[in-house]
1. On the basis of being of a type in the set (S, T, N, Q) and surrounded by 16 or more Cβ atoms within 10 Å (Cβ to Cβ), does Asn129 make the cut?
2. State whether the residues of segment 109-123 include one that is out of contact with any Phe, Trp or Tyr (no Cβ under 7 Å at 6 or more places or on another chain), buried (at least 19 other Cβ atoms within 10 Å of the Cβ) and farther than 22 Å from Leu173 by Cα.
3. Any residue at all in segment 75-93 that's surrounded by fewer than 18 Cβ atoms within 10 Å (Cβ to Cβ), within 18 Å of the chain's Cα centre (by Cα) and of a type in the set (Lys, Arg)?
4. Please count how many residues of segment 91-144 are among the small types (Gly, Ala, Ser) and not in a helix (DSSP H, G or I).
5. Of the residues that make up segment 166-177, is at least one under 30 Å from Ala226 (Cβ atoms), crowded, with 18+ Cβ neighbours inside 10 Å and among the β-branched types (Val, Ile, Thr)?
6. With respect to the numbered conditions (1) touching a His at 6+ places or on another chain (Cβ under 9 Å); (2) farther than 21 Å from Leu271 by Cα; (3) at pLDDT below 85, which one is the sole condition not fulfilled by Arg83?
Amino acid sequence: MRTPALTALGWLLASLVAPAAAQEQASGLSAQALRFTVANAEFTLMHEMGHLLISELGLPVLGREEDAADQLGFMGLFLLHDRQHDATFYAKLMDVADYWRLEWRNAERNGDGIALWDSHALDAQRFYNIACLAYGSDPDRLDWVLDVSGLPAERALYCPEEYQQVAHAVRWLRERLHPPAPGTPRHRIAVVYDDPPSHLADAAALQQKIRASGELEAVARKASEAFDLPRDLTLRMTTCGAPDAWFNRISGELTLCYERVAYFRDLAAQLPAERAPQPTR
């Protein structure tokens, strides 16, 4: 069964980014756009949690940290959804890949230059990397991923090995990252909610509901109990003025911007209506 706190988080995020004309509804998004928005909000959170763990626990990284954070974020989706993986779950994995496809193609249409110096992989590379991991996680059932992604056979052939390599690394880390011993002082991740943007109607009321439920705090508590953190940390939802998210190594604060989620909603409108394929096996 899916983690209740993340279900509530997805509902909150989707409600916060609902178009103004549909504020009387739980969200103004189609089922497909809602899934895309929530999937990418979850992946963003897990990607930044990857940076947090790498920094705070001193995890060894071979290669670029951004690539490692993408892989930790991808595997984090499997850990968040503790259930038998079904068509909806795998479609969410492709929603994450499709975010990078949209960024890549929009940049081409707009004539944006490519920052070859950047520490992140190119958007097109991140699209194919996520699609490859998704396909490699269950190649016997996910032939349709090759069709919707256009992943070439030359890459697809090795995707099961790529997925197993990442899964093995995560298992290796989890076996060696022991929680604090009983009775010892424990550092924790605190959740902070700053005021959402004023132009999002009903956002304050929805924020109060999620805070009253204590569900996000339960997620932070679980992470605090699973890892022996070296200091107290913060997970903050706030208004940033730009669609962004980051982990600040100095302050120990993970920031997820309300604008980032709204940006996912806007991109979701570009998805074709037939985007969600049904597995053939």
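The values are calculated or read from the model by the stated rules, or taken from the named source; none is laboratory data. This one's a predicted model, so the numbers in the text were calculated from it and none came from an experiment. Virtual Cβ from ideal backbone geometry, glycine too; neighbours counted across all protein chains shown.
1. Yes, satisfied.
2. Here is the first cut: in segment 109-123, the ones out of contact with any Phe, Trp or Tyr (no Cβ under 7 Å at 6 or more places or on another chain) are 109-122.
Add one more test, that the residue is buried (at least 19 other Cβ atoms within 10 Å of the Cβ), and what stays is none.
Within segment 109-123 (the criterion being out of contact with any Phe, Trp or Tyr (no Cβ under 7 Å at 6 or more places or on another chain), buried (at least 19 other Cβ atoms within 10 Å of the Cβ) and farther than 22 Å from Leu173 by Cα), the answer is no, since none of the residues qualifies.
3. The answer is yes; a qualifying residue exists.
4. Going residue by residue through segment 91-144, those that are among the small types (Gly, Ala, Ser) are 91, 97, 107, 111, 113, 115, 119, 121, 124, 131, 134, 136-137.
Restricting the remaining residues to those that are not in a helix (DSSP H, G or I) gives 111, 113, 115, 119, 121, 137.
Qualifying residue count for the region: 6.
5. Filtering segment 166-177 for residues under 30 Å from Ala226 (Cβ atoms) gives 166-177.
Still in the running and crowded, with 18+ Cβ neighbours inside 10 Å: 166.
Narrowing the set further to residues that are among the β-branched types (Val, Ile, Thr) leaves 166.
Within segment 166-177, one or more residues are under 30 Å from Ala226 (Cβ atoms), crowded, with 18+ Cβ neighbours inside 10 Å and among the β-branched types (Val, Ile, Thr).
6. (1)
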